[in-house]
Amino acid sequence: MLTGCSQVYPGSAQRDPGHDADTVNLALLDTGNYPTKPRDPLGNAEDAAAGAVLEGHRLAENVVFPFDVDKTLLKVGRMGTGVMRRPKAVGAYLESSGLAAAVEPHNYITGYAASANDAHAPDFNQNLYLQNAVLVFKTEADAAAAAAAMADASNTRTSAIDNNALTVTALTIPNHPETVARTWSQHFDLLNKTTYSVIAFTPRGRNVLVQRAISQQDTATATDLATRALDQQLPLIDRFTPTAPDQLVNLPKDPSGLIARMLLPDEDNRTVENGTYGPHGALVFQPDLLAAPALFNELGIDLLIEEDGFLTRAKDAASAERFLDSLAGTQAKSGWEDTDGVAGLPAARCMSKKPDSADGASQYWCAIPQDRFVLEMNAGQALVARQKLAAGYLMLTTS
């Protein structure tokens, strides 16, 4: 890692006689109780369960996101986006416990789902919704059996309001005879609205491709959305090389070696999303989904790591600085305001956002470019955000 640090004096912080306001001053860094030295190499997954999560991170690079299909689908559904490491998670993410039971007997390995609705409406009052998912199984036969079982499980749907049975019918997806699909509708009296749902299952090699679309217009609109997602997903998943089931234990925990240089979330806050993503998988974490693909391409962004904070890698130092400028500019449009930076790190930027409601809490964000990288930290307290950034900077730059 490249460093550019001033001389460090023991004892109390004091200014270097050759002080340069644009140079890092380690003596001024307040790192709190956070680690400041990189860890030893993290090695391999060691067990299949851990390997399945790492495979899910790899898979994200080959899953079509809703905004790839329809540019109005910009409100990412956090409860329906991410790695599905167990059959139970499949049921939770796809909002059907019957699907979990359908997957369970068929040697499920991992999966990744991405969901979003149109950004101009609250979740419950959305006009258009799409979830696209890929599920990976041990063999092609397992995938084919799971797709059939999931379609059978979808023959029964109940109302989210009164738990009464809904009428489910079979549906043909145009130009995809291998796909099995179901459709149903539900009327919400209080809202005076009807939703039209489509769910489709396609076995493809060791994978099952799933599209779940909801429209407030009609079944044809939902069907068209699901079809377009499937049309894009087929060639993308064909470019994915799945790891052999018996080799999952050999997947590296830290392919780039950079996770060892990041703060880790504590066990209570660690999720299956923590890990390494390629340039496509990283898009879902970006604040401006419309601008991000072109920006990533222009700046050569090829990697993002989510641990306690985000680390993004660009093609060079100038591109990293431009990426940080873009992040700050996007946040400013969303109500974030500049605040004091981090003592000792003149290149760092910090912003805060006031709570959206009376019982809400303020949010704090600090970030810094370092060589090809941008390191970001978020926290509920300004001091914590600054301490984490200072500690994270040292982890990133210490030999």
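The values are calculated or read from the model by the stated rules, or taken from the named source; none is laboratory data. If you're wondering where the values come from, they're calculated on a predicted model, not measured in any experiment. Cβ atoms come from the backbone with ideal geometry, glycine included; neighbour counts cover every protein chain shown.
Which residues, taken from region 328-339, are touching a residue at least 24 places away in the same chain (Cβ under 8 Å) and of a type outside the set (Phe, Trp, Tyr)?
The answer is Ala328, Thr330, Gln331, Ser334, Thr339.
Asn127 - would you say it is within 15 Å of Ile214 (Cα to Cα) and in contact with a His (Cβ under 8 Å, 6 or more places away or on another chain)?
So Asn127 passes the test.
Listed residues Asn107, Asn132, Asn127; which is closer than 20 Å to Arg182 by Cβ and touching a residue at least 24 places away in the same chain (Cβ under 8 Å)?
Exactly one residue qualifies, and that residue is Asn132.
Condition (residue is farther than 20 Å from Ile214 by Cβ and either within 18 Å of the chain's Cα centre (by Cα) or assigned to a helix (DSSP H, G or I) (or both)) applied to region 65-72: is it met by at least one residue? Quick ask: steps written out before the conclusion?
Going through region 65-72, the residues farther than 20 Å from Ile214 by Cβ turn out to be none.
No, that holds for no residue.
Scanning region 67-92 for residues that are among the hydrophobic types (A, V, I, L, M, F, W, C) and under 9 Å from Ala116 (Cβ atoms), which turns out surrounded by the most Cβ atoms within 10 Å (Cβ to Cβ)?
Leu73
Tally the residues that are of a type in the set (D, E, K, R) and either within 17 Å of Gly111 (Cβ to Cβ) or not in a loop (DSSP other than H, G, I, E, B) (or both), restricting the search to region 236-293.
In the first step, residues of region 236-293 are kept if they are of a type in the set (D, E, K, R); the result is 238-239, 246, 253-254, 261, 266-268, 270, 273, 288.
Keeping just the survivors that are either within 17 Å of Gly111 (Cβ to Cβ) or not in a loop (DSSP other than H, G, I, E, B) (or both) gives 238, 246, 261, 273.
Total meeting the criteria: 4.
Starting from residues that are among the small types (Gly, Ala, Ser) and in contact (Cβ under 8 Å) with a residue 12 or more places away in the chain, keep the ones in region 352-384 and report whichever is nearest to Ala332 (Cα to Cα).
Ser352
For residues that are within 30 Å of Leu190 (Cβ to Cβ) and among the β-branched types (Val, Ile, Thr), tally how many sit in region 131-167.
Qualifying residue count, region 131-167: 4.
Could you tell me which residue of region 377-387 is nearest to Pro346 (Cα to Cα), considering only residues that are touching a strand residue (DSSP E or B) at 6+ places or on another chain (Cβ under 6 Å) and surrounded by fewer than 24 Cβ atoms within 10 Å (Cβ to Cβ)?
The qualifying residue nearest to Pro346 (Cα to Cα) is Ala382.
Got a sec? Which strands (runs of 3 or more DSSP E) wholly within region 136-209 have at least 2 residues that are touching a residue at least 24 places away in the same chain (Cβ under 8 Å)?
Output list reads 180-188, 193-204.
If a residue must be part of a loop (DSSP other than H, G, I, E, B) and either at pLDDT below 95 or within 11 Å of Gly380 (Cβ to Cβ) (or both), how many such residues does region 348-369 contain?
9
Of the residues that sit in region 370-399 and are over 16 Å from Phe323 (Cβ atoms) and part of a loop (DSSP other than H, G, I, E, B), which one is modelled with the lowest pLDDT?
For region 370-399, the residue satisfying everything is Ser399.
Give the residue that is farthest from Pro255 (Cα to Cα), with candidates limited to residues of region 280-308 that are of a type in the set (Gly, Ala, Ser) and over 13 Å from the mean Cα position of the chain (by Cα).
Among residues in region 280-308 that are of a type in the set (Gly, Ala, Ser) and over 13 Å from the mean Cα position of the chain (by Cα), the one farthest from Pro255 (Cα to Cα) is Ala291.
With the requirement that a residue be part of a strand (DSSP E or B) and modelled with pLDDT under 95, what does region 74-115 give you?
Residues satisfying the conditions are Leu74, Lys75, Val76.
Go through region 293-340 and give me each residue that's surrounded by fewer than 21 Cβ atoms within 10 Å (Cβ to Cβ) and of a type in the set (Val, Ile, Thr).
Thr330, Thr339
What is the number of the single condition among (1) charged (D, E, K, R); (2) in a strand (DSSP E or B); (3) surrounded by fewer than 17 Cβ atoms within 10 Å (Cβ to Cβ) that Arg212 does not meet?
Exception for Arg212: condition (3).
Within region 169-194, take every residue that is hydroxyl-bearing (Ser, Thr, Tyr) and touching a Phe, Trp or Tyr at 6+ places or on another chain (Cβ under 8 Å) and give me the one that is surrounded by the fewest Cβ atoms within 10 Å (Cβ to Cβ). Spell out the reasoning first.
First pass over region 169-194, keeping only residues hydroxyl-bearing (Ser, Thr, Tyr): 169, 172, 179, 183, 185, 194.
Restricting the remaining residues to those that are touching a Phe, Trp or Tyr at 6+ places or on another chain (Cβ under 8 Å) gives 169, 179, 183, 185, 194.
Values: Thr169: 11, Thr179: 22, Thr183: 21, Ser185: 17, Thr194: 13.
Across region 169-194, the extreme among qualifying residues is Thr169.
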